[in-house]
Ligand SMILES: O=P(O)(O)OC[C@H]1O[C@H](OP(=O)(O)OP(=O)(O)O)[C@H](O)[C@@H]1O
Ligand SMILES: NC(=O)CC[C@H](N)C(=O)O
Ligand code: SF4
Ligand SMILES: [Mg+2]
């Protein structure tokens, strides 16, 4: 059945492990556990002892889907895992990853982070070329089918073939019964990194997952790179067609990735401190204390406070057991979520001029409620600084943040937003300031949702439920 409600989502988390002599189901589980923030709809693990792929993928959090018994039923030294937020295809068990596909090289399992924008065309083409039929409704099924059916003498040729045909974002963890394959798309939109563990290898969306496993971080994958890991060791090839420009999602730096992950060679925590410092340099204001909106804006607020030489103070305490509001299923529960999530401390706030920092404003649900809360707690003035530019366009590459009509900055000017959220002043970081803070030239990042300028051409708005409404057969 087609879903009509809007799902504001993040991304997905992927893990892969090849550790001879070890049972990697637990490794994969703990890797996914560290990546839970990237997707909370479903979780799955596939493993192999070398003879066949065992799979378990269900709706729910990593810790809800897997127990000791389920992990024990997933034997093998080779495995991949996935935690999903849907960007194409409904939030349904049949779309839970890893997905299996069958081809001339046997069975494969695929875990995908990203969004492929030409999946619809590929379904039609592949039905003709390979006789493919599609039972699920995500773009990942198309990727899995392509890797299973593509011609090629080895996985590098297969991957190069797939890279020529896929348009969009795809960081992939793929396994056969005896090989682990990791792929980062030619633009490097989503992160993917490599580590070593107990004589074997681990790949993961973020370095924080490697830290969690006690693995040693080796490096981030290149854009257009394919890794093949098996009993003979590791081999790597970068697709010759990969462009020189990187287009990593700049929102990973601002909000999505964990602050303790290394992205493009730098700790996200430090990059976020620079984002905060930069917005203050662009838009200084007098205040008594700097307040972050927990959790994700803390590093930005700390960096801003240091640049402003105004004390950073915790004024809002967060209930740790409430999830990210960005990712609740509808507007009503999102609004409720903000109330349950925060408690302002009157003793800290009363009579003070506050400089409130958030990493981003999407719909403005969070900031509007927080300002009301702070005023009720006796704030004398509330000045807001946002450590990223206004979000004016939607994402086509794996972040389902909101529809165009819901994005406040797509529909109102900064002055109108200031009034709407009830702030004494509001200022956003400029796109130039953003690029300065991430220390990158313009073409090194995708900034599409801020600038409308995407690394590859996109349609006006994508139809997430396209395959649900009219499945191709
Ligand atoms: O304008 P909105 O639609 O409210 O969305 C923006 C908010 O969403 C995110 O926080 P979230 O609460 O999701 O997670 P966090 O606790 O990690 O900051 C982000 O950090 C902003 O605070
Ligand atoms: N957020 C993601 O990376 C989602 C992966 C894929 N597009 C899906 O919807 O399943
Ligand atoms: S459009 Fe925005 S969220 Fe999407 S990949 Fe580009 S920078 Fe990231
Ligand atoms: Mg937040």
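The values are calculated or read from the model by the stated rules, or taken from the named source; none is laboratory data. Nothing here was measured: the structure is a model prediction, and the numbers come from that model. When we count neighbours, we look across all protein chains shown, and the Cβ atoms used for this are built from the backbone with ideal geometry, even at glycine.
Among all positions in the range 263-280, there is at least one residue which is assigned to a loop (DSSP other than H, G, I, E, B) and farther than 13 Å from residue 429 by Cβ.
I'd like to check something: does the range 87-97 contain any residue that is out of contact with any strand residue (DSSP E or B) (no Cβ under 8 Å at 6 or more places or on another chain), under 19 Å from residue 171 (Cβ atoms) and either outside the structural domain of residue 397 (by TED's automatic domain parsing) or assigned to a helix (DSSP H, G or I) (or both)? There is at least one residue in the range 87-97 that is out of contact with any strand residue (DSSP E or B) (no Cβ under 8 Å at 6 or more places or on another chain), under 19 Å from residue 171 (Cβ atoms) and either outside the structural domain of residue 397 (by TED's automatic domain parsing) or assigned to a helix (DSSP H, G or I) (or both).
Could you go through the range 436-443 and let me know if any residue there is within 16 Å of ligand 4 (Cβ to nearest atom), modelled with pLDDT under 95 and not in a helix (DSSP H, G or I). The answer is no, given that none of the residues of the range 436-443 is within 16 Å of ligand 4 (Cβ to nearest atom), modelled with pLDDT under 95 and not in a helix (DSSP H, G or I). All told, residue 283 falls short of being surrounded by 17 or more Cβ atoms within 10 Å (Cβ to Cβ), touching a strand residue (DSSP E or B) at 6+ places or on another chain (Cβ under 8 Å) and without any contact (Cβ under 8 Å) to a residue 60 or more places away in the chain.
Only one entry of 72, 34 meets the criterion of being more than 16 Å from the chain's Cα centre (by Cα) and modelled with pLDDT of 95 or more, and that entry is 72. Test residue 425 against the stated conditions and say whether it is away from ligand 2 (no atom under 16 Å from the Cβ), modelled with pLDDT of 95 or more and on the phi < 0 side of the Ramachandran plot. Taking the combined requirement at face value, the residue satisfies it. Being surrounded by 24 or more Cβ atoms within 10 Å (Cβ to Cβ), over 30 Å from residue 447 (Cβ atoms) and touching a helix residue (DSSP H, G or I) at 6+ places or on another chain (Cβ under 8 Å) holds for only one residue in 71, 78, 100, and it is 78. Criterion applied to 39, 60, 44, 13 was being within 21 Å of residue 171 (Cα to Cα), at pLDDT below 95 and within 16 Å of ligand 2 (Cβ to nearest atom), and the one residue passing it is 39.
Yes/no matrix, rows are residues, columns are (1) within 16 Å of ligand 4 (Cβ to nearest atom); (2) touching a strand residue (DSSP E or B) at 6+ places or on another chain (Cβ under 9 Å):
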{"site": "230", "(1), (2)": "no, yes"}
{"site": "247", "(1), (2)": "no, yes"}
{"site": "253", "(1), (2)": "yes, yes"}
{"site": "259", "(1), (2)": "yes, yes"}
{"site": "269", "(1), (2)": "yes, no"}
{"site": "279", "(1), (2)": "yes, yes"}
{"site": "288", "(1), (2)": "no, yes"}
